[in-house]
């Protein structure tokens, strides 16, 4: 019996066209860490493909011709959602592992397959907090 977990490496291997993150790097609020490895690029692409498939399934369910078609679409929609969520978690865990970012609060991806740390605009010490008084 084949399972999704067994097929996942093959799915990743078959990816030829990568999906690049849409947002630009902002040097004023972000710190560049590095570029994704090929494995991370493929994992990101597979995750994004499932997100796209999920969005399309929502539309299909909304415009189903009958109740039976709607139920079948919802079953597939739930499966796609679960897989996308697992890939999302796997992606972010892999990013944190590969770049040793376990201590960073907010990390993100940017065009050019960049990994960045988003520098939060919040006080770091009690003295920073008291500056406004």
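Odds and ends about this structure:
- Angle between the chain longest axis and helix 38-62 axis [Cα atoms, degrees, rounded to 10]: 60 degrees
- Here volume of the Cα convex hull per residue in Å³ was computed from the coordinates, and among (i) 97; (ii) 176; (iii) 111 the match is (ii).
- Using the Cβ-Cβ distance between residue 60 and residue 98 with R0 = 30 Å, the FRET efficiency computed as 1/(1 + (r/R0)^6) comes to roughly 0.25.
- For peptides 35-45, 19-29, sequence by mean Cβ density within 10 Å, most packed first: 35-45, 19-29
- Working note: 222 nm ellipticity from helices only, DSSP H runs with n ≥ 4, each -39,500 (n - 2.57), summed and divided by the residues of the chain, gives -19000 deg cm²/dmol to the nearest 500.
- A full extension of the chain between residue 119 and residue 38 corresponds to an added length of 26.6 nm, given 0.36 nm per residue minus the alpha carbon distance.
- For the chain, the longest principal axis of the Cα atoms and the long axis of helix 67-99 meet at an angle of about 30 degrees.
- R0 of 22 Å, Cβ-Cβ distance residue 12-residue 86: FRET efficiency to nearest 0.05: 0.95
A short reminder: the numbers here are calculations on the coordinates, not readings from a lab. This is a predicted model, so every value here is computed, not measured. With ideal geometry, Cβ positions are generated from the backbone for all residues, glycine too; neighbour counts draw on all protein chains shown.
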